[in-house]
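Trainee: Structure in structure tokens, see below.
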Amino acid sequence: MSDADIKSRLTVTTRTIGKDYYDQVLALSAHVVNEGWEQLTEAYTELQRIDFDDEDVGSLHAELLPCRIAFDGTNRAGIRVFYQIRFKSGTLQNPSGRLTQDLANWVLTVSVRVGEQPGSELTEEQKKYIDDNFSVPGDYSIARLYADLTDARWDTIVTDRSYFGLDSEGKPITWDKWCEDNGVLKVKLIDFLTLWVDMMRRNGYTTLGVKVVIPSLPDQNPLDPTFPPTALLHQGFKYQNNDTPDDVARDYDCMMYCEQLMDHDPPQASFIADGGNWCYPGAGSNKAVHGTFAISQEIFFERKNGFIDHIRPFSRLSEITLENVIIYDDGGTNHFYHIGYNPDHKSAEDDYFRPELDEQNFQYIWKQTHKNDNGKTRAGGQYVYCMQQSDQQVAVGWQPGSNTITLTGKTTYSYKSQWWANSDKQDLTGYIDESYTATWDVPIVITTDDDGRLTLALGKDPSDVKVTINKDHSNELNIASRQNTIEGYMGEIQGSLQSELTAVGENLAKIFDTTGQWVYPGNGTLSFHNPLFNNHSDVLAEVEYKTIPSKSRVQVPPATAAPTLNKYPTAVPNKKSFSTSPVA
């Protein structure tokens, strides 16, 4: 892995063209898929040998290394999948036994089709394979993603990916060279392979993975776990780094599962936009990335009950709404306002409080400004003017390459009162002009638990989150008295903030309970690690192969009731006032 690979991965995207996107994308490298094959081969001894005898065809007895899958193709041209049979040792003979071929060090590669096989089309042997290997709850449906070996043209070996033993100098023997020397055995070899593949498929051993999904129901609660995909497209992505040897690079070509959720229509342009490497090899102390799972910005932040919906309570508590400004007959003034209460928008679920995307600055931001004023000529001819203004914003920000979201709030309250000797405002006799700003910030971290599941957690305990109140400016002349303090009022934001953080933190922890339909490849499961944001504000996580004991069943977690979210209480009036009087 080079620094170029690390930077390249940050440029991958779930987007196609324009604003079209896939909800989630799982990119599995050939490396991680072949780990599944290796475990499958270890668990099932019948996959470790070919033993075949036929009086018309001949015999083949061989010890096999784990078969391998290789991918090729780009996100524009689609994907090609290659299946490799690797011989550790073995012998092929014609019926008379007079023609014998040593199969040691052979690698036979053919191009195969990748498809999706509905459960209704599974053979009894395939169903048994799934029953033996996957513990699937009854309310799930199941389909096999498989390499259709019977669809391959075994008479067309992919020569640049195959070799036929080693010559006396230890160099691979090409297909053309072998056919030149063994023309009679060529037909027998193809017959053997065709019969062997048919046996593999009938027994359910041609699988690349088992996809387990919940049936898509029109009335499905969007909080239900697994958040089931309703559309799937396979794509291919070719690893690109000129500094990586070809044989290593091939192991990091990817097959991609591009999915839409909750009946979201597929993109009009189906192929993902060009970007960097989804997976790459390790080097030195830098470890490889064998697979990547990407959740689109729209799904993570903007879907119903997604991240942004849980930021609205902070917008509400940070707002100062203004009531009237009163000028009394004696020249005194009084400013009335509410902290954390808007009489027109009392609910935290009101979209009035929802932040809007600021794409260029990697943030969502909510802003509001309120201002009112009043002027009055007193009976003696003196003129009094007073004004108040509040500016508030709450922002949710992140940076590419980071797993931390920073939630920040800023509320500024400004006011002034001015007294003139006459209505033409030529002789200022007194004034007060002050501004105060309250600020706070909370880190929210995307991480993974011990089981490799994505989680969200507050980076601070709510009780440790403090509001800082600064006096921006304070100027006055001939002020006789004032009542109440702005600092004390604004300090109430801290109590509200800590209370809301407790409820919001618990709700955020449940967001990933509602996202993620995983593919269970081969004979094991995937776990997710090292989440971070990419340059397009998608959430990426590394995919690793989770080894399970030989022949133990993959436990697919059952669907459970939707998680119960904390309700955010309706705001109640919180009226404040600040009064001043000039020197008589």
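The values are calculated or read from the model by the stated rules, or taken from the named source; none is laboratory data. Computed from a predicted model, the values in this text were never measured in an experiment. We place every Cβ from the backbone using ideal geometry, glycine too, and count neighbours over all the protein chains shown. Just the protein is used for accessible areas: all its heavy atoms, side chains included, with ligands, DNA and RNA removed. Shrake-Rupley method; radii C 1.70, N 1.55, O 1.52, S 1.80 Å.
Trainee: Which of GLY491, VAL442, LEU317 sits closest to the plus end of the dipole of the chain, meaning its Cα is farthest towards the positive end, when Lys and Arg get +1 and Asp and Glu get -1 on the C-beta?
Mentor: Value: GLY491.
Trainee: Kindly state, to the nearest 0.05, the FRET efficiency for PHE336 paired with THR447, given R0 = 35 Å and r defined as their beta-carbon distance. Walk me through the numbers on the way to the answer.
Mentor: On the way: r = 45 Å, r/R0 = 1.29.
It comes out at approximately 0.20.
Trainee: Given an 8 Å cut-off on Cα distances and at least 6 residues of separation, report the relative contact order of the range 378-527 as a percent.
Mentor: The normalised contact order for the range 378-527 reaches 19 percent.
Trainee: Okay, next question. So if I place +1 on the C-beta of Lys and Arg and -1 on the C-beta of Asp and Glu, and nothing else carries charge, what would the dipole magnitude of the chain be about its Cα centre? I want it in debye, nearest 20.
Mentor: Roughly 1000 debye for the chain.
Trainee: Hey, with R₀ at 51 Å, roughly what FRET efficiency would ARG49 and ASN566 work out to, going by the Cβ-Cβ distance, to 0.05? List each step's numbers first, then the result.
Mentor: On the way: r = 58 Å, r/R0 = 1.14.
Computed FRET efficiency for ARG49 and ASN566 comes out at 0.30.
Trainee: While we're looking at this one, here's another question. Given the rule -39500 (n - 2.57) for each run of at least 4 DSSP H residues, summed and divided by the residues of the chain, what is its mean residue ellipticity at 222 nm, to the nearest 500 deg cm²/dmol?
Mentor: Values: 9 runs with 91 residues, N = 584.
So the calculated ellipticity at 222 nm is -4500 deg cm²/dmol.
Trainee: On to the next question. How much of ILE173 can a 1.4 Å solvent probe reach, expressed as accessible area in Å² and rounded to 10?
Mentor: Accessible area of ILE173: about 40 Å².
Trainee: Ok, one more. Starting from the amide H of ALA348, placed 1.01 Å from N in the peptide plane, find each other amide H under 5 Å away whose residue is 5 or more places distant or on another chain.
Mentor: For ALA348, the qualifying residues are ALA571.
Trainee: Net charge around ASP198, counting only other residues with Cβ within less than 14 Å of its Cβ (Lys, Arg = +1; Asp, Glu = -1)?
Mentor: -3
Trainee: What is the P(r) of the chain, as percent of Cα-Cα pairs per 20 Å bin from 0?
Mentor: Binned Cα distances yield the sequence 18, 38, 23, 13, 6, 2, 0.
Trainee: I'd like the trypsin sites (Lys or Arg not before Pro) in the range 113-160 restricted to DSSP loop residues with at most 11 other Cβ atoms within 10 Å, sorted by number.
Mentor: Listed in order of number, the matching sites are ARG153.
Trainee: Could you list the residues of the range 287-315 with an amide nitrogen less than 17 Å from a label point located 7 Å from the Cα of ASP350 in the Cα-to-C-beta direction?
Mentor: Hits in the range 287-315 for ASP350 at 17 Å: 309-315.
Trainee: Using DSSP to define loop residues, name the chymotrypsin sites (Phe, Trp or Tyr not before Pro) in the range 298-347 whose beta-carbon has at most 13 other beta-carbon atoms within 10 Å.
Mentor: TYR328
Trainee: Further question: Under a point-charge model restricted to the Cβ atoms of Lys and Arg (+1) and Asp and Glu (-1), what is the dipole moment magnitude of the range 97-193 relative to its Cα centre, in debye to the nearest 20? Walk me through the numbers on the way to the answer.
Mentor: On the way: 11 positive and 18 negative charges, 44 e Å.
Around 200 debye, computed over the range 97-193.
Trainee: In whole percent, what relative contact order does the chain give with Cα contacts below 8 Å and a gap of six or more residues?
Mentor: That works out to 18 percent.
Trainee: Restricting attention to the range 6-89, which trypsin sites (Lys or Arg not before Pro) occupy a DSSP loop and are surrounded by at most 14 other Cβ atoms within 10 Å? Don't skip to the end; give the middle numbers.
Mentor: Details: sites: LYS7, ARG9, ARG15, LYS19, ARG49, ARG68, ARG76, ARG80, ARG86, LYS88; in loops: LYS19, ARG76.
Hits after loop and neighbour filter: LYS19, ARG76.
Trainee: Report ³J(HN,Hα) in whole Hz for each residue of the range 6-21, in order, from the Karplus equation J = 6.51 cos²θ - 1.76 cosθ + 1.60 where θ = phi - 60°; Gly and Pro get x.
Mentor: After applying 6.51 cos²θ - 1.76 cosθ + 1.60, I find 4, 5, 4, 4, 5, 9, 5, 8, 8, 8, 10, 10, x, 9, 5, 7 Hz.
Trainee: Roll a 1.4 Å probe over the protein chains and send me the accessible area per residue for the chain in Å².
Mentor: Roughly 43 Å² per residue, with all protein chains present.
Trainee: Report the accessible area of PHE533, computed with a 1.4 Å probe over the heavy atoms of all protein chains in place, in Å² rounded to the nearest 10.
Mentor: Roll a 1.4 Å probe over it and PHE533 shows about 0 Å².
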